[in-house]
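Note sheet for the following structure.
The values are calculated or read from the model by the stated rules, or taken from the named source; none is laboratory data. Quantities reported herein were computed from a predicted structural model and do not represent experimental measurements. With ideal geometry, Cβ positions are generated from the backbone for all residues, glycine too; neighbour counts draw on all protein chains shown.
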Amino acid sequence: MRILLVEDDVGIGEPLVGGLERQGYTVTWARSGSEAIAADPHDLVLLDLGLPDIDGEVVATRLREASAVPIIVITARSDEIDRVTLLDLGADDYLVKPFGFRELTARIRAVLRRASSGAPIEDQQVTVGRLQIDHRTRTVTFAGDTVTLTPKEYELLAFLASDPGAVLSRDEILRSVWDEHWWGSTKTLDVHVASLRRKLGDPAVIETVRGVGYRLAEPVS
């Protein structure tokens with residue numbers, strides 16, 4: 001597996017490169033945002049937000065526009081607004097400094113496993129009321145308008161739409177859309193639901209069932 005490490009701090013970058021290579025990964029070390037954007041395709045990106053030339057959030061956006069490569073963001077900023085922004089940009093996971101190397105490698109394995117397996121995608125179009133999901137092209141329209149979603153937002157919406165009207169528990173959603181061994185904050189789900197509601201333009205489409213989870217409330221056509 002090829003990992004692109006985007007980190008300008010030599011004190012962090014050098015031990016990470018050495019440790020990851022000892023784990024069997026091939027690592028390319030980019031020390032600036034411009035280097036990261038110009039790099040060849042990789043299987044996963046470790047992206048530090050505090051870069052000297054380009055804001056890390058801009059780099060994440062550029063990388064996501066170019067491909068669906070899994071991105072794990074490394075940040076020293078732990079406040080909630082940063083987490084919301086990261087997930088909205090399409091980051092698959094994040095780590096807040098300081099973190100342990102074992103935690104990092106566990107996150108890498110989990111993200112790569114989700115990316116390689118994923119949920120089965122049928123070659124068909126699903127229509128639920130005003131919502132249309134084309135699994136073949138991974139495109140979404142709502143009330144005739146195209147909706148641009150991050151990979152994880154798409155997977156979440158597709159999972160809810162797989163059984164419209166049914167109440168899906170938080171644990172069930174996290175296991176299916178994220179990972180069966182997900183140990184991150186359950187707020188991740190709430191952040192993605194909030195983002196979906198905003199992008200669809202109708203918060204009532206995804207209903208919160210207090211104490212249980214969520215359901216797609218859009219009536220079946």
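Data overview
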read-out: Scope the stretch 186-202; condition surrounded by fewer than 15 Cβ atoms within 10 Å (Cβ to Cβ) and among the small types (Gly, Ala, Ser); matching residues; value: Gly201
read-out: Complete set of residues in the stretch 147-177 that are touching a Ser or Thr at 6+ places or on another chain (Cβ under 7 Å) and of a type in the set (Val, Ile, Thr); value: Val147
read-out: Residues of the stretch 3-52 classified as exposed (fewer than 15 other Cβ atoms within 10 Å of the Cβ) and assigned to a strand (DSSP E or B), total; value: 1
read-out: Test for Ile37: is it at pLDDT 90 or above, under 19 Å from the mean Cα position of the chain (by Cα) and closer than 18 Å to Arg109 by Cβ; value: no
